[in-house]
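A.B. asks: So that we are looking at the same thing, I have put the structure below in structure tokens.
The values are calculated or read from the model by the stated rules, or taken from the named source; none is laboratory data. Every value quoted in this text rests on a predicted model; they were computed, and no experiment measured them. Every residue, glycine as well, gets a Cβ built from its backbone with ideal geometry; the counts of neighbours run over all protein chains shown. To get the accessible areas, we keep the full protein, side chains included, count just its heavy atoms, and leave off ligands, DNA and RNA. Shrake-Rupley method; radii C 1.70, N 1.55, O 1.52, S 1.80 Å.
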Amino acid sequence: MNAIFRSTAQALHVSYLVLSMPPRQGAPFRNMLIHMLEDLDDLTHQQQVWLDQLRGTPGSGTVNFGGLSPDEIRAQCSMITAAVRDRLPEPERNAIWARYAYQVERANGVRGLASYYQSLIGVGNDMAMLALVWRRYAGKERADQDFSFRQIAAECGGSKSTYERANKVLTAHLRALEERADETLTASFRAHGVIEDESLQTA
């Protein structure tokens with residue numbers, strides 16, 4: 001049996017996107033994903049790249065939901081997001097939520113990360129710490145527009161350079177946290193046939 005997804009990142013992107021939207025009946029899965037992405041007001045760079053790929057030649061997609069009904073697709077996506085909720089330590093779960101989830105779940109992930117790292121990073125202002133975490137997950141354009149270091153300093157006090165230094169430390173910690181979460185999920189998803197085993201992929 002072929003794996004459904006090519007990677008853990010793809011599995012997470014698709015699953016959280018599918019579950020963030022109302023159920024859609026009667027549309028092939030590829031078309032359903034295109035419509036879902038087109039309905040989003042503010043695509044991240046990764047989502048735009050993915051949308052462009054989905055709009056390519058029919059059959060060129062890398063998601064394999066062959067033979068599954070829309071309800072079965074949603075059930076599969078629910079299993080993937082449940083693995084995030086149930087199998088990851090809280091900080092790693094929050095990192096996945098902040099990167100891939102939507103609305104309340106995403107906000108909870110950001111708040112959890114801000115609380116977890118605040119004393120370590122040394123940012124005393126709660127709102128400034130939240131802004132720094134949001135900056136990581138908002139996408140480059142929105143980060144520069146809505147969460148610039150100058151804006152954070154103006155609204156929360158402190159200096160621009162202080163937040164720039166704090167951001168470098170925070171980014172390194174968040175990247176390491178995301179990598180640990182990815183390793184844990186990849187091992188589980190690969191074992192259950194959700195993603196491809198790279199050792200079996202041909203060059």
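A.B. asks: Criterion first (of a type in the set (S, T, Y), modelled with pLDDT under 70, touching a Lys or Arg at 6+ places or on another chain (Cβ under 9 Å) and open to solvent by 20 Å² or more (accessible area, probe 1.4 Å)) does T62 satisfy it?
C.D. replies: Judged against the criteria, T62 is a match.
A.B. asks: Still on this structure: Scan R135, R180 and give me the residue that is over 30 Å from I4 (Cα atoms) and either at pLDDT 90 or above or touching a helix residue (DSSP H, G or I) at 6+ places or on another chain (Cβ under 6 Å) (or both).
C.D. replies: On inspection, the qualifying residue turns out to be R135.
A.B. asks: Let me ask something else about it. I'd like the residue in the range 144-203 that is among the hydroxyl-bearing types (S, T, Y) and exposed (fewer than 15 other Cβ atoms within 10 Å of the Cβ) and, out of all such residues, is nearest to A114 (Cα to Cα).
C.D. replies: Among residues in the range 144-203 that are among the hydroxyl-bearing types (S, T, Y) and exposed (fewer than 15 other Cβ atoms within 10 Å of the Cβ), the one nearest to A114 (Cα to Cα) is T171.
A.B. asks: Kindly list, by first and then second residue, each pair from a residue in the range 155-178 that is of a type in the set (A, V, I, L, M, F, W, C) to a residue that is loosely packed, with under 14 Cβ neighbours inside 10 Å and part of a helix (DSSP H, G or I), limited to pairs with Cβ atoms under 6 Å and residues at least 6 apart or on different chains.
C.D. replies: C156/M127
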